[in-house]
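Peer 1: Please read through the structure below; I'll follow up with questions.
Each value in this text was obtained by applying a stated rule to the coordinates, not by laboratory testing. The structure presented is a predicted model; accordingly, all values stated were derived computationally and were not measured. All Cβ positions, even for glycine, are placed from backbone atoms using ideal geometry, and neighbour counts span all protein chains on display.
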Amino acid sequence: MSTEQPAPISAGTSASTDPVERVIRYHIQTKHHYNRYARSLGFLDWVNQPNPFRRFEGAELVPLPLLSPEEEPVSPLYRAIYESGGVQAQPVTIRTLSRFFEFALALSAWKKAGESEWALRSNPSSGNLHPTEGYILVPGIEGLTLTPGLYHYAPKEHGFERRAEFPSEQLVKLMTPFPADAFLFGLTSVHWREAWKYGERAFRYCNHDVGHAIGAARIAAATLGWNMVLLDGLDQHTVALLLGTNRTEDFTDAEPEHPDCLAVVWPPGDVKGETIDVKREEMAMPLFLDSAIVKELAGGSWFGRANRLSREHGVHWDIIDQAAAASWKASCEHHSVAAPSSVTSHVSPFTSREGLLAGQIIRQRRSAVAFDGRTSITAEAFFHMLQRVMPCADHAQFDRPMPWDCWPYDPAIHLMLFVHRVEGLTPGLYVLVRDQRKRSFIQQSMNPDVNWVPAPGCPHDLPLYWLLEGDARQLAVQVSCRQDIAGDSAFSFGMLAEFEGGLRERGAWWYPRLFWESGLLGQVLYLEAEAAGVRATGIGCFFDDPVHDILAVKGLSLQSLYHFTIGGPVEDRRLQTLPPYGKRDK
């Protein structure tokens, strides 16, 4: 472990009990600098590499059916999942849940090099370490052959481990405020999986991956015609109670799981294929749960004990625990949204075989390891990708385009783009303002001498601005920890978050959500890159303040949280690709 100390923080901050000051301190301390990286072990302790698969010993495993791409439910066209009413809603059955988890959190392939094998998954992960664990809470749903209760998803086996059996009548009460046949989807993080490699910066990366998983799940739901929204009015204690992460007796000698979030997923309107001509009155759907019912459920029957992932841990990064504690969401906001209650289209694309299928794009998604330094993309493709990350912040929740309808906040992440090889677009530095109402704030947070010129040829509804002209490839490489992949691409970018002001206004619990939004944004562009015939990769290693210096960002008004790059991939032909579940019988 490096013994080098972080740069001094302003007087009084280190001892502050203010949670906002504590997460700001964490953020500052875990920055990379040209002459000093954030602290980590300094080498990879391969003997204690964490097991990427959590299991609960003693919990019953319910295998999910392995479905070929041709079996029902068949994937819709990729473009259809972004069209309102473009996918006929499917009923909630063991087969549709299998497809949902296949596209959200399942294995997508195995890679083999010599005697070494490792798994890839549908949801991206920093360093392919996969700190994110998935859960599902299902009430009694007609046609679903699954005992009501809480289940942990086991991706290696593609099955559900039964963690808790809850009384059916209490589950019905819990789910009464939600649409018919709704279920809950939960995410937790094992911080150690990232800390093993990345040290004190791991809390950032774990939250990136929560965002990746939220995006993967929302898109998976869209392939089945389902809706999803994050229940982020909840306090974190309620999330812990419902997912069982507070049960220390179930994690004895095992790495704990940090409770992150819950979402509700449901099929809208009629799911049996009949035409709906009249919309039912929209219902007000809460973004929280009845905490008293959750407390009752937590007293139910629980099963299984978590497996230990590493023999030894070597260094325990206390700063991660401190950041997690400081950003713990203790408040519960009783917010509600109007839930759409009917299907607006009678056209089902499930029988269509024209164009790219969503399942095909999801299964083939990979993180590029290198780019060829030659491939360019058209301006049309570039603008299309950027339009996909625009959430239409001034629209009502479910008038926002998928997947932004699942995110119950206005955008707080904007893009600083290094354009290298986009046909018809001058190379240089650009900014995408994802909420046009924030343009003045962003301009005032940067160098006032920079001219904001609408990007030539850009659609009128896309707030993309050209700031500086010139070859930005070397600059992109330099600030991305000198990684060539940032300059060999068609374009790369940093995700600039509205930082200190949002934390002061909302509270320290907002800090992880900035990373969740950046991960959700990244997942959208991972799939858009595949659909465009290129490839993407996230970059977690970058020199924080040198990125801000490019545009003379003032103080902590904006902070770069995640870098990303898209281009023509160079395939490593030494690696063999194997099917994800080739060794399991159907």
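Peer 1: Spelling out what I want: for every residue of segment 566-578, take phi, set θ = phi - 60°, compute 6.51 cos²θ - 1.76 cosθ + 1.60 (Karplus), and round to whole Hz; glycine and proline get x.
Peer 2: Taking θ as phi minus 60°, the curve returns 9, x, x, x, 9, 7, 8, 6, 6, 8, 9, 9, 10 Hz for segment 566-578.
Peer 1: For segment 299-306, what does the Karplus curve 6.51 cos²θ - 1.76 cosθ + 1.60, with θ = phi - 60°, yield as ³J(HN,Hα) per residue in whole Hz, taken in order and with x for Gly and Pro?
Peer 2: So the J values, rounded to whole Hz, are x, x, 8, 10, 9, x, 10, 5.
Peer 1: Which aspartates and glutamates, if any, have their Cα less than 18 Å from the Cα of K112, not counting same-chain residues under 8 positions apart?
Peer 2: Qualifying aspartates and glutamates at Cα under 18 Å: E571, D572.
Peer 1: For labels at E469 and F53 in the simple 7 Å Cα→Cβ model, what's the distance in nm?
Peer 2: Reported label-point gap for E469 and F53 is 5.6 nm.
Peer 1: Considering Cα pairs under 8 angstrom that are at least six residues apart, work out the relative contact order of segment 367-567 and quote it in whole percent. Show your work: numbers first, answer last.
Peer 2: Working: 370 pairs, mean separation 55.0, N = 201.
That works out to 27 percent.
Peer 1: Arrange F251, F499, F100 by Cβ neighbour counts within 10 Å, fewest through most, would you?
Peer 2: F251, F499, F100
Peer 1: Further, regarding this structure: Which order do peptides 426-435, 507-516 fall in by mean Cβ count within 10 Å, highest first? Display every interim value, and only then the final one.
Peer 2: Numbers: 426-435: 20.5, 507-516: 23.3.
For the peptides 426-435, 507-516, the packing ranking is 507-516, 426-435.
Peer 1: How much net charge surrounds D544 when only the other residues with a Cβ under 13 Å from the Cβ of D544 are counted, with Lys and Arg +1 and Asp and Glu -1? If you can, show how the numbers build up before the last one.
Peer 2: Working: positive: K31, R36, R201, R204; negative: D545, D549.
Spelling it out: positives minus negatives among the neighbours equals +2.
Peer 1: Residues with amide H under 5 Å of A508's amide H, sequence separation 5 or more or different chain, H placed in the peptide plane at 1.01 Å from N; which?
Peer 2: V20
Peer 1: With n ≥ 4 as the cut-off for DSSP H runs, can you work out [θ] at 222 nm for the chain, using -39500 (n - 2.57) per run divided by the number of residues, rounded to the nearest 500?
Peer 2: -7500 deg cm²/dmol
Peer 1: Separate question: Any idea what the relative contact order of the chain is, in percent, if you count C-alpha pairs under 8 Å spaced at least 6 apart? Please list the in-between numbers first.
Peer 2: Working: 1257 pairs, mean separation 113.5, N = 586.
Result for the chain is 19 percent.
Peer 1: Sticking with this one: The chain: percent of C-alpha pairs farther apart than 34 Å?
Peer 2: Working: 65190 of 171405 pairs.
Considering the chain, 38 percent of its Cα-Cα pairs are separated by more than 34 Å.
Peer 1: Going by how many other Cβ atoms sit within 10 Å of their own, how do W328, W317 line up, fewest first?
Peer 2: Working: W328 17, W317 25.
So the ranking, lowest neighbour count to highest, is W328, W317.
Peer 1: In the structure displayed, which of K295/K329; K197/K583; K156/K583 lie more than 19 Å apart, Cα to Cα?
Peer 2: Details: K295/K329 17 Å; K197/K583 29 Å; K156/K583 11 Å.
Correct reply: K197/K583.
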